[in-house]
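The values are calculated or read from the model by the stated rules, or taken from the named source; none is laboratory data. Model, not experiment: these values are computed from the prediction. Virtual Cβ from ideal backbone geometry, glycine too; neighbours counted across all protein chains shown. Note: areas computed on protein heavy atoms with side chains; ligands, DNA, RNA excluded. Shrake-Rupley method; radii C 1.70, N 1.55, O 1.52, S 1.80 Å.
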Amino acid sequence: GVRLAAMLADAGHHVVLGSRDVGRGERIRAGLRRDTIEAGDYFAAAECEFVIPAMFIRDGMFSTLEPLRETLNDRIVIDISNPFNGDYSDFILP
């Protein structure tokens, strides 16, 4: 997700780097050194026109997104998740 955020910012887009820990998001943002990236929580990121959840299903993606369901109904959600198991040897979905 971090590289994708940087590429989108380099292409001229405003990016909200959503994180459960806004301080962590701020540290990542500072390291990327791009003025068009801001750190925010998941709720701030869900307010964007396009939302790209960059997390693994096994790490709780569905439970993380559930409280955002109503907000996401009016957004374009781009799913880049891969349903890997814990050791990446197989998928958790058929």
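Things to note:
- When 56, 43, 91 are checked against the criterion of being of a type in the set (Phe, Trp, Tyr) and at pLDDT 90 or above, a single residue qualifies: 43.
- Some residue of the stretch 69-80 being surrounded by 13 or more Cβ atoms within 10 Å (Cβ to Cβ), more than 15 Å from residue 13 (Cβ to Cβ) and polar (S, T, N, Q): yes
- Checking each residue in the stretch 1-48 for being of a type in the set (Lys, Arg) and open to solvent by 80 Å² or more (accessible area, probe 1.4 Å) picks out 3, 20, 24, 27, 33.
- Top-ranked residue of the stretch 49-68 - restricted to ones that are among the aromatic types (Phe, Trp, Tyr) and touching a residue at least 12 places away in the same chain (Cβ under 8 Å), ranked as surrounded by the fewest Cβ atoms within 10 Å (Cβ to Cβ): 50
- Verdict on residue 24 being touching an Asp or Glu at 6+ places or on another chain (Cβ under 8 Å) and not in a strand (DSSP E or B): no
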